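Okay, so here's the structure we're looking at.
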Amino acid sequence: GPGQAAMYAGLQELGVANGEDLKETLTNCTEPLKAIEQFQTENGVLLPSLQSALPFLDLHGTPRLEFHQSVFDELREKLLERVSAIALEGKVEERYKKLEDLLEKSFSLVKMPSIQPVVMCVMKHLPKVPEKKLKLVMADKDLYKACAVEVKRQIWQDNQALFGDEVSPLLKQYILEKENTLFSNDISVLHNFFSPSPKTRRQGEVVQKLTQMIGKNVKLYDMVLQFLRTLFLRTRNVHYCTLRAELLMSLHDLEISEICTIDPCRKFTWCLDACIREKFVDNKRARELQGFLDGVKKGQEQVLGDLSMILCDPFAINTLALSTIRHLQDLVGQDTLPRESPDLLLLLRMLSLGQGAWDMIDSQVFKEPKMEAELITKFLPMLMSFVVDDHTFNVDQKLPSEEKGPIPYPSTIPEAFTKFLQENRLACEVGLYYVLHITKQRNKNAFLRLLPALVETFSDLAFSDIFLHLLTGNLTLLGDEYALEEFCTSLFDGFFLTACSRKENVHRHVLRLLLHLHHKVAPAKLESLQKALEPTKQSGEAVKELYNQLTEKLELRKPSPAEVTETPSMELPLPTVPTPASR
């Protein structure tokens with residue numbers, strides 16, 4: 001049948017008889033048995049010592065096929081070992097000449113399942129498989145599939161579209177994994193999106209597969225970077241920037257100097273990677289990073305596009321923003337103004353470069369974005385004044401109270417603060433990280449004071465997934481406050497629900513938070529939230545799924561009708577469990 005034909009494909013070209021030849025011989029002969037014997041002799045294993053042994057095997061009922069098969073398997077193993085050995089011995093050009101000759105002889109049998117591994121092995125060891133053979137492999141789906149990655153690389157480097165088809169599902173998977181982490185049902189202040197170390201992240205499946213596909217091939221590395229830039233431009237999705245840095249660092253881990261030495265971002269990325277590991281930019285590394293930025297030469301400004309993409313990685317932004325908040329607190333203690341701190345200015349410069357990545361790559365105008373003076377002279381001092389307000393309030397609480405009674409916590413915010421958050425991207429990012437900082441400190445007063453400023457922010461940053469992921473984590477620390485109507489109204493009605501109907505992701509994040517904290521929320525408030533958060537016809541599957549989970553949990557909590565009648569009508573807040581102190 002056709003299966004048989006495939007099994008012996010290419011034998012005739014080599015002058016080896018196959019089934020068709022036997023058929024022809026038998027059809028045209030007078031003595032079939034003699035003809036079969038003759039065919040066996042001519043095409044059997046040509047070893048004199050075997051001639052006498054074969055009839056002995058016949059007596060034991062071992063079919064000739066089985067015998068030939070085992071001899072064949074043995075020979076194939078030997079041949080595979082030999083090919084691998086040839087690839088390592090003798091002068092370079094000689095060994096490749098040997099392998100090329102072998103490929104020339106064996107390639108016609110590449111479709112024979114039994115011989116295919118040998119042909120593939122020869123190609124795998126050839127640094128340059130002849131173009132004609134690569135084209136034949138490419139044209140045949142099964143052959144292409146069976147190829148070693150070493151051969152595929154040779155095919156990919158001249159076929160960007162084909163390489164794109166291979167890489168594309170991996171990139172989709174990568175983005176999906178990031179989004180699943182951001183929307184994970186496990187909400188915790190200790191384990192969040194930014195918890196895994198850079199080293200751990202680089203062990204991820206997609207980074208490892210891409211690293212393997214690229215090998216030491218500079219052309220393929222460049223292609224992947226080109227894909228990442230294009231996708232970043234098309235989608236504005238910052239996770240592509242993370243992958244850009246992870247890929248370079250993964251090749252660095254493997255010491256693949258062929259690629260690492262030609263990536264102009266390498267030293268900057270290694271240094272930044274160390275900062276991300278520590279979640280802080282110390283002064284020594286800050287100087288180093290500054291050196292790289294100041295060292296960009298005339299005519300090489302294009303490297304700023306790459307550096308900006310490395311800095312746009314959320315893990316880099318997170319590290320820079322956390323360091324900025326720490327610096328601001330230190331400055332309050334030292335009575336120093338932001339403009340007098342070169343370290344702080346450098347952090348802002350890098351944050352600004354990272355946030356400008358999309359515009360820079362899109363416009364192809366490679367120069368560092370201008371920093372607005374007001375950010376440094378007005379906005380940051382305003383943040384510092386909030387830190388001072390907290391200190392003052394805390395000291396006041398501890399002083400013996402005079403007749404005038406306790407001093408209330410400042411409840412208004414300067415209009416300029418709200419305006420900065422709406423109009424200045426950098427101010428907004430730093431402001432949001434300050435809000436995360438006070439929430440993590442369980443500073444309810446400061447949180448409620450600044451929250452109204454988050455309803456309208458620069459390009460809706462306060463409703464972005466990364467911020468909401470971190471905020472929901474930190475909000476678990478304020479567990480006791482959810483029993484209070486006023487707190488819930490500010491948080492839910494005043495912030496989350498303002499965006500739920502127009503932003504599906506916000507709807508998801510509130511539901512995540514409630515799934516985690518519903519038992520702490522005052523019952524009346526919970527009921528109104530359940531109504532407000534009901535999915536609409538337009539809602540996606542994820543929202544519906546979360547809402548159903550929440551409804552199930554609340555059903556389980558409802559007391560049975562018998563109990564209801566005996567409960568006094570006073571609405572007491574549910575007893576709450578104190579949350580463990582955050583580190």
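The values are calculated or read from the model by the stated rules, or taken from the named source; none is laboratory data. Remember, it's a predicted structure, so these values are computed and weren't measured experimentally. Cβ sites come from the backbone with ideal geometry, for glycine too, and all protein chains shown count toward neighbours. Surface areas here come from the heavy atoms of the whole protein model, side chains and all, with no ligands, DNA or RNA. Shrake-Rupley method; radii C 1.70, N 1.55, O 1.52, S 1.80 Å.
Here are some notes:
- Qualifying residue in segment 462-473 (condition: over 26 Å from residue 437 (Cβ atoms), out of contact with any Ser or Thr (no Cβ under 9 Å at 6 or more places or on another chain) and not hydroxyl-bearing (Ser, Thr, Tyr)): no
- The numbered conditions (1) buried (at least 16 other Cβ atoms within 10 Å of the Cβ); (2) over 14 Å from residue 530 (Cα atoms) are all true for residue 508 except (2).
- Of the residues making up segment 236-260, those that are farther than 27 Å from residue 359 by Cβ, in contact with a helix residue (DSSP H, G or I) (Cβ under 9 Å, 6 or more places away or on another chain) and outside any helix (DSSP H, G or I) number 2.
- Evaluation of residue 497 against (1) within 16 Å of residue 451 (Cβ to Cβ); (2) open to solvent by 50 Å² or more (accessible area, probe 1.4 Å) (one fails), failing number: (2)
- Which listed residue is in a helix (DSSP H, G or I) and open to solvent by 40 Å² or more (accessible area, probe 1.4 Å), from 460, 480: 480
- Checked against the criterion of being in the same structural domain as residue 353 (by the TED database), crowded, with 16+ Cβ neighbours inside 10 Å and in contact with a Pro (Cβ under 8 Å, 6 or more places away or on another chain), the candidates 224, 281, 303 yield just one match: 303.
- Test: residue in segment 466-476 that is part of a helix (DSSP H, G or I) and more than 29 Å from the chain's Cα centre (by Cα): no
- Within segment 357-378, the residues that satisfy the criterion of being among the small types (Gly, Ala, Ser) and closer than 14 Å to residue 302 by Cα are 357, 363.
- Subset tally (residues that are open to solvent by less than 40 Å² (accessible area, probe 1.4 Å) and not β-branched (Val, Ile, Thr)) for segment 383-420: 9
- When each of 345, 380 is tested for being of a type in the set (A, V, I, L, M), in a helix (DSSP H, G or I) and open to solvent by less than 20 Å² (accessible area, probe 1.4 Å), the lone residue that passes is 380.
- Flag for residue 339 being in a helix (DSSP H, G or I), loosely packed, with under 14 Cβ neighbours inside 10 Å and touching a helix residue (DSSP H, G or I) at 6+ places or on another chain (Cβ under 9 Å): yes
- Tally of residues being modelled with pLDDT under 95 and in contact with a Lys or Arg (Cβ under 6 Å, 6 or more places away or on another chain) across segment 240-291: 3
- Residues that are out of contact with any Gly (no Cβ under 9 Å at 6 or more places or on another chain), surrounded by fewer than 18 Cβ atoms within 10 Å (Cβ to Cβ) and assigned to a loop (DSSP other than H, G, I, E, B) are absent from segment 512-519 altogether.
- Test: residue 273 is assigned to a loop (DSSP other than H, G, I, E, B) and surrounded by 15 or more Cβ atoms within 10 Å (Cβ to Cβ): no
- Restricting 502, 449 to residues that are in a loop (DSSP other than H, G, I, E, B), more than 25 Å from the chain's Cα centre (by Cα) and not assigned by the TED database to the domain that holds residue 194 narrows the list to 502.
- For segment 348-377, a tally of residues being assigned to a loop (DSSP other than H, G, I, E, B), open to solvent by less than 70 Å² (accessible area, probe 1.4 Å) and of a type outside the set (A, V, I, L, M) returns 4.
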